[in-house]
Amino acid sequence: MFLKLCTGLLRGPKFSKRVNLFAGCTQHLTKSLLAVAFLASFGSSMLYGYNLAVVNSPAQYIKDFYNETMIETYDWVLDDRLLTVLYSLTVSIFAIGGMSGALLVGKLVTKFGRKGTLVRSTMLVFIGGALMGFSRWCRNPAMVIVGRFITGIHSGICLSVVPMYLGEIAPKNLRGFLGLVPSIHICLGVFIAQVLGLSELLGKEEHWPLLLSLIVFPTLIQLMLLPWFPESPRYLLIEKENVHATIAALKWFRTKANIQAEVEEMQEEQRSLSSIQTLSVRRLLTDRCVRWQVITIAVVNVGMQLSGIDAIWFYTNDIFKNAGIPDPYIQYTTVGTGAIEVFSGMLGCFTIERLGRRPLMIGGFLFMGLCCAGITVSVLLQPQFSLMRYISVGCVVGIIAGFCIGPAGVPFLITAELFKQSHRPAAYTVAGCLNWLSNFTIGFVFPFLEITMGPFCYLLFCVICLGVALYTTFIIPETKNKTFMEISQMFAARNNILEEELTSNGHLKLALMNGYGTLGQLDEK
């Protein structure tokens with residue numbers, strides 16, 4: 001019954017054919033695959049986007065609540081600076097929870113599986129949502145902060161596990177397309193938070209605890225439906241060695257497709273992994289064979305968060321107010337940017353298999369950099385030209401659109417593509433921690449940065465965006481339709497790996513295997 005309900009949402013062959021056409025895919029995109037992709041993202045990735053933006057609308061109500069409870073409990077009136085610190089902590093503690101969750105991913109997915117981890121982590125959302133929902137009734141500001149931290153742990157886990165799960169259940173020709181489905185749901189979560197935050201809906205003083213706790217409802221739907229879907233076939237075969245369950249899962253996801261070739265490919269990977277030890281983070285950071293790959297994931301993940309997009313998401317209303325938009329219209333302007341965000345995310349998802357990763361990254365960061373500079377110029381010229389307020393709003397919209405087209409999702413994709421199986425878990429740990437640490441830094445520092453530097457703070461974001469675009473242009477190769485071996489060979493020269501380590505016909509010499517195509521030779525006697 002549950003499976004029929006979920007797959008029924010994607011009824012008929014025409015829907016799958018249209019998605020195949022737009023995504024540049026020719027086969028294997030079944031209703032079952034689409035259903036599990038949207039369900040996994042709906043109850044996880046969408047909550048990440050929702051939690052990023054939901055604190056924007058009730059910001060003043062949350063500050064007033066903090067001040068009221070401090071007066072009631074300690075007879076202490078908080079000044080504006082301390083209120084700003086507490087609110088910044090409320091915003092940024094979500095990222096600290098996310099970083100904590102990212103550190104747990106490796107152990108959780110090994111013990112419980114990909115789908116199993118997603119199902120079990122839903123308990124965190126119910127706990128965090130309950131704390132935030134009852135915080136006003138209990139007159140306890142700490143419940144809001146702790147609730148944000150716990151929901152952050154959930155997002156930290158799911159932000160890595162959802163792409164991992166979808167990547168393992170997807171055919172090779174669909175990994176790029178399905179890899180951006182979570183990004184669309186992140187944008188959708190931001191948009192939903194903006195709509196519900198309108199004063200006509202839940203953007204009222206008495207409703208802000210409900211607004212923060214609504215995350216439990218998508219999670220409840222996921223908890224009811226996701227357990228009925230199969231586990232990752234690769235996890236079942238390679239880690240659990242359950243051939244029958246693997247075949248059953250593949251038949252469910254592929255329907256009428258021939259799965260024999262995929263089973264044989266998984267068995268070949270299983271045999272190769274017997275001689276490859278999974279690396280720790282320390283060994284990953286010291287392995288010269290992946291030096292530039294590690295630098296690359298650090299640059300794109302830090303650049304993704306320090307591009308200014310988190311400042312836009314967290315403090316959209318304040319930015320529009322400083323741009324001169326009248327207070328009654330700010331909330332509607334914010335909702336409009338959310339709609340553009342969803343459209344841009346869909347555009348990136350449907351074009352990535354045709355254009356490749358590099359054009360979306362370079363174009364997205366360049367456009368964001370120009371828009372950040374445009375905000376600075378337009379705000380400075382507002383006193384002389386009233387038209388500049390609309391230009392500044394347009395630049396905010398441009399930053400959001402440029403981010404959602406490419407930089408929002410591609411870093412998660414190339415983190416997987418630049419590393420082979422033995423290095424990938426440690427790579428995701430490094431990328432996740434850097435991503436969330438940068439998220440926390442922006443969420444906590446931006447209000448003080450804006451007070452200190454004014455509109456010139458956006459020039460810092462401009463420099464970062466242009467720097468990442470240049471790095472992508474000169475360092476990162478195009479990984480579309482490339483095997484892991486081909487990607488390793490692209491980085492071999494930059495990592496100072498001798499070409500003699502590969503034979504003339506491209507096959508590996510006998511060597512001590514480290515999982516890469518750039519292996520140290522055994523001493524010949």
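The values are calculated or read from the model by the stated rules, or taken from the named source; none is laboratory data. Keep in mind that what you see is a predicted model, and the values were worked out from it rather than measured. Cβ sites come from the backbone with ideal geometry, for glycine too, and all protein chains shown count toward neighbours. When the accessible area is computed, the model is the full protein with side chains, heavy atoms only, and any ligands, DNA or RNA have been set aside. Shrake-Rupley method; radii C 1.70, N 1.55, O 1.52, S 1.80 Å.
Given the options Ser199, Pro218, Pro230, identify the residue whose Cα lies farthest towards the positive end of the charge dipole of the range 184-243 (+1 on Cβ of Lys, Arg; -1 on Cβ of Asp, Glu). Checked the options; the winner is Pro230. With the convex hull of its Cα atoms as the shape, the range 84-213 has an orientation-averaged projected area of 8.9 nm². Other residues within the sphere of radius under 13 Å centred on the Cβ of Val300, judged by their own Cβ, net out at +1 (K and R +1, D and E -1). Show log10 I(q)/I(0) for the range 107-162 at q = 0.15, 0.16, 0.21, 0.25 Å⁻¹, two decimals, from a solvent-free Debye sum over equal Cα scatterers. Values, matching the q order: -0.45, -0.50, -0.71, -0.86. For the residues Arg354, Arg424, Arg114, a 1.4 Å probe over the protein chains yields an accessible-area ranking, largest first, of Arg354, Arg424, Arg114. Heavy-atom accessible area with a 1.4 Å probe sorts His185, His207, largest first, into His207, His185.
Shown for the range 52-160 is the translational diffusion coefficient from the Stokes-Einstein equation, using the Kirkwood radius over Cα pairs, a temperature of 4 °C and a viscosity of 1.567 mPa s: 87 µm²/s. Measuring between alpha carbons in the structure, the pairs from Lys251/Lys420; Lys107/Lys240; Lys31/Lys251 lying more than 24 angstrom apart are Lys251/Lys420. Computed in the context of the full set of protein chains, the accessible area of the range 337-414 at 1.4 Å probe radius has 77% of its extent on carbon or sulfur. Taking packing as the residue-averaged number of other Cβ atoms within 10 angstrom, the listed peptides 282-291, 245-254, 68-77 run from highest to lowest as 245-254, 282-291, 68-77.
Could you give the length gained by full extension between Arg354 and Val85, i.e. 0.36 nm per residue of separation minus their alpha carbon distance, to one decimal place?
Length gained between Arg354 and Val85: 92.3 nm.
Rounded to the nearest 20 debye, the dipole magnitude of the range 94-173 is 100 debye, with +1 charges on Lys and Arg beta carbons, -1 on Asp and Glu beta carbons, and the Cα centre as origin. Within the shell of other residues whose beta carbon sits under 14 angstrom from the beta carbon of Cys372, the net charge comes to -2, with Lys and Arg scored +1 and Asp and Glu -1. Other residues whose C-beta falls under 14 angstrom from the C-beta of Ser44 contribute a net charge of +3, scoring Lys and Arg +1 and Asp and Glu -1. Estimated at the nearest 10 Å², the accessible area of Val377 is 80 Å² with a 1.4 Å probe.
Peptide packing: for 123-129, 329-335, 364-370, the average count of neighbouring Cβ atoms within 10 Å per residue gives the ranking 364-370, 123-129, 329-335, highest mean first.
The share of accessible area on the range 71-144 that comes from carbon and sulfur is 66 percent, using a 1.4 angstrom probe.
For the range 301-459, a Kirkwood hydrodynamic radius built from all Cα pairs, placed in the Stokes-Einstein relation at 10 °C and 1.306 mPa s, yields a translational diffusion coefficient of 96 µm²/s.
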